[in-house]
Structures are given as C-alpha cells and as structure tokens.
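Visitor: One structure coming up, written as structure tokens, with questions to follow.
The values are calculated or read from the model by the stated rules, or taken from the named source; none is laboratory data. All of these numbers come straight from a predicted model, not from anything done at the bench. Here the Cβ is made from the backbone with ideal geometry for all residues, glycine too, and neighbour counts use every protein chain on show.
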Amino acid sequence: MADLVEPVVGAQIQLLVALGGWADIDSMTIGSLGRAKGIAVASNEGPLTELADVLLPAASWAEQDGTFTNKNGLAQAFAAGPRPAGDGLAGWEVVVHLAKAAGIDLGFTTLKQLRAAMPESSLVTQKTKKAEATTDATASAGAAE
C-alpha cells in the first residue's frame, strides 16, 4: 500500500479499487491514499471501507468457494456454506462487473480463469492449485461410488 502513496499524491493514480476492507497500514498512508477517489468491494468494515467514496458489498468468505493458505504455506480448498441473500457475489466477481461497466477487460470472467492468470511463481498460487487438484480428485472419487 505504501507504494501507492507517491502516485496518488502526484495524481498519477486518481481512483483506487480495494478488494476487501482491511489493510495493515498506518494513518499517514491512509490519509495520503484518501486523496484519490476510492471504491471498496468488501464484506466487512475496515480502514479501506472508511476511505472509500463508494462501498460495494461482497459475499463473505463463508458464502463462497475458496482456498485458505496458512502461515506454513499449506493451501486448503473449501466449499461455500449458505449462499448470500439476493444478488450477493464474491468480491472478485464484483470487480469483474465493475471493470466491464468501465469498459476494461481484465482477461478473466471465471474463478478458474482468474486463478490461471495469477503468476505461477506465487507460492500461494502453487499451493492453491495443488489443493484444488486434491479436492477435485476427492470429489470425483466420491461421485464414482
């Protein structure tokens, strides 16, 4: 986040879109980022939702499929619990719709495409793909029984 301060203060960045409301940043950084217009896509309040000019709700982590990666780098895929009410969407889906409305092609429209677009060098990406492959294999074996 601190890397964004100079471009925001220098007006090279005029709009920030935050996926999530929380960031571990100091008040001076928050104040500097507040110079740009902000959109926060979040399910919980935090410093970035306080900073935002527009707040778009997103489904919580429990309302969507996903993967947790613990501090040891172990990725664990999980299935959604109860679905969000109404038209609730995962945060990444809200960002896709927002980009489309702005005429921006992000290069992905599905979670599978998004994960494929993530850098292969990312440890989280490598662990996530391994966990998903294990989950897919387990689901396939269960369906075959």
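Visitor: Filter the stretch 89-106 down to the residues that are buried (at least 16 other Cβ atoms within 10 Å of the Cβ) and β-branched (Val, Ile, Thr), then identify the one that is farthest from residue 44 (Cα to Cα).
Guide: 96
Visitor: While we're on this one: Yes or no: residue 53 out of contact with any helix residue (DSSP H, G or I) (no Cβ under 7 Å at 6 or more places or on another chain) and touching a residue at least 40 places away in the same chain (Cβ under 8 Å)?
Guide: In short, no.
Visitor: I would also like to ask the following. Residues of the stretch 38-50 being within 18 Å of residue 97 (Cβ to Cβ) and either in contact (Cβ under 8 Å) with a residue 40 or more places away in the chain or not small (Gly, Ala, Ser) (or both), which ones?
Guide: Within the stretch 38-50, 39, 41, 42, 43 meet the criteria.
Visitor: Tell me which residues, restricted to the stretch 89-107, are in contact (Cβ under 8 Å) with a residue 24 or more places away in the chain and over 17 Å from residue 57 (Cα atoms).
Guide: Answer for the stretch 89-107, where residues must be in contact (Cβ under 8 Å) with a residue 24 or more places away in the chain and over 17 Å from residue 57 (Cα atoms): there is none.
Visitor: A further question on this structure: For residue 98, are the conditions met, namely being within 15 Å of the chain's Cα centre (by Cα), at pLDDT 60 or above and either part of a loop (DSSP other than H, G, I, E, B) or over 26 Å from residue 71 (Cα atoms) (or both)?
Guide: yes
Visitor: What is the residue count in the stretch 1-34 for residues that are of a type outside the set (Gly, Ala, Ser), farther than 26 Å from residue 97 by Cβ and either touching a residue at least 12 places away in the same chain (Cβ under 8 Å) or in contact with a strand residue (DSSP E or B) (Cβ under 9 Å, 6 or more places away or on another chain) (or both)?
Guide: The qualifying residues number 5.
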